[in-house]
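Take a look at the structure below.
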Amino acid sequence: MDSGLQKKYGLFTAISMVVGIVIGSGVFFKAEKVLKATGGNMPLGIVAWGIVGLIMIVCSYVFATLATRHEKVNGVVDYAEVMVGKRYGYFVGWFMATIYQPTLTSVLAWVSARYTCVLLGWDITGGSCMTIAAFYLIAIYALNALSPVLAGKFQVTTTVIKLIPLVLMAVTGTVVGLRSGLTAENFYRVADGSVSAGGGLFASIVAVAFAYEGWIVATSINAEIRDSKKNLPRALIIGSLIVVAVYIFYYIGLAGAVPTTALMEGGEAGAKLAFQNIFGQVAGTLIFVFIIISCLGTLNGLMLGCTRSLYALAARGLGPCPKKLGQVDCTTDMPANSSVAGLLLCAFWLMYFYGANLTASWFGPFSFDTSELPIVTLYGGYIPILIMMMLRETELSTFKRYVMPLLAVVSCVFMVVAACMAHKMAVVYYLIIFAVIMMIGLPYMPKRGSDLGRE
C-alpha cells in the first residue's frame, strides 16, 4: 500500500523516536506521587512502574501490528475508524480534541510552571504559578503559530536535554546511594505503614500512566520506516524497554539521593534537593533547569497536537464549523481557527485544574485529577478497537490476532479497574462531565451509512 511517504527511517531512528515521544515530564512529576501513594514503599513503587511499562509494551505491539496492516492509518482516531467505524472514530476524535489533549497540555503548562516556581522559591499553588503556567501556554502556542520550524528544532533539542537529568540521577544517585547505604535503607523502610499495599499499588499505577503516555503516537511513523513490518514492532518493544529501564533507575537513583520521607514531605522541592545533594548546589540547580526545559519540550509537543485536533475533525467534514476550523493560514501554514480553539480549551482546562486540585474546590464533587482520568479513559477506548481486531484481522497469526490483543484488552480493563479503585467516586463525577462533553459533540457526528470502518 502506497502511503505517499518515503521510507526514510531505520530501526535506530525509530527507537529514538519512541524514546523521545514517551519520555517527558511525567517521570519527574509522578515519581513523588508514587512515593506518597505507596507510603514510601520503594519496592511497591518499582512494581507499579514495571506493570505500566509492561502494559505499554503489550499495547504498543498490538497497535504496531495494526499499523503495519493499515499503513495509511495515522493515529488512534484512524485506528478507531478502520476497526470499529467512522462514528466511533469521530467520538474518539472529539474526546481527544476536547478532553484528552487540552487537559494534558494544561497540566504540562502547570508542571513547567511548578518546577519554575520551585527553582525560584515561589509557592506552587498561588497566583504566581498559575500566571507562569498561562504564560507558558501562550508562549508555546505563539512559537508553534509564528515559527513551526523553530518549534520543531526546539522539540529536537529538548528531547536530548530531557535525558540528561534522568540518566545522571539514575547512574550517579544509584552508585552514591549503594555506597552510603541510603538506597538499602529507603528500600527496607516504609515511611507510612497505614497505606495498604493494594490501594497504594492501584493509585501508583494510575499515576504512572501519565509518565508512559504518548506511545500510541509512535505507531503513526510506520509509513516512513524501512521494513516497517519488522522494524516498527522491534522499535516499540526496544524503545519501551529503554523507557522502562530509565524510569525505574531514575526512581532508584532518587532513593540514593535523599530519604523517601524528604521526597514525600518536600514534594516538588524534594526533587531539587535530591539533585543538589548528589551534584552540589550549582550543578544540581543547573540540572533542575534541564528538567524545566524538558517539561517545556513536552508541552511544545502536546500543544502541536492540541492545536490541530479540531482541524483533524474538520478536514473530515466533521465537528462544529468544519469550514472555519478547517482553514489553514497561508502565511504560517497553521490551521489558525483550530489552533485558537485548541488554546482556549487548554486555558479552560488549566482553570479547571487549578480550581479542582490546587485550591479549595471550586466544583465540589465534580473535581478530578485531569492528569490521570482522561488517560485511563483512552485505555477504555482501546478495548472496542482490540476486540474488533480479533474478529476482523483473519489473516494474522494466532499470536498476533488473539494472544497479544487479548493481553492488551486485559491490560486496558486492569487500568480502568485501577482508576476506579484509586479515585473511587471521583470517577463517577468525571464520567458525568465526560458524558456532557460527548453529548455536545453528538449533533456533529457522521450520519449512519457513512461508516468507513466497513470499507
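Every number here is computed from the coordinates shown, using simple stated rules; none is lab data. All of these numbers come straight from a predicted model, not from anything done at the bench. Cβ sites come from the backbone with ideal geometry, for glycine too, and all protein chains shown count toward neighbours.
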Note down the relative contact order for the chain as a percent, whole number, built from C-alpha pairs under 8 angstrom at least six residues apart. 31 percent
With +1 on each Lys and Arg Cβ and -1 on each Asp and Glu Cβ, how big is the dipole of the chain about its Cα centre, in debye rounded to the nearest 20? 780 debye
Volume per residue (Å³) of the convex hull spanned by the alpha carbons of the chain is 141 Å³
Just rank 114, 401, 189, fewest to most, by other beta-carbon atoms within 10 angstrom. 189, 401, 114
As a footprinting exposure proxy, order 60, 361, 128 by other Cβ within 10 Å, with the fewest listed first. 361, 128, 60
What angle, in degrees between 0 and 90 and rounded to the nearest 10, separates the Cα long axis of helix 404-423 from the longest principal axis of the Cα atoms of the chain? 60 degrees
Quotient of Cα radius of gyration and Kirkwood radius for segment 98-187, i.e. Rg/Rh, equals 1.11
Across every pair of different alpha-carbon atoms, what Kirkwood hydrodynamic radius in Å does segment 286-330 reach? 12.2 Å
Along principal axes, largest first, the alpha-carbon spread of segment 67-120 in whole Å comes out as 50, 23, 11
Kindly put 437, 292 in sequence by how many other C-beta atoms sit within 10 Å of each C-beta, fewest to most. 437, 292
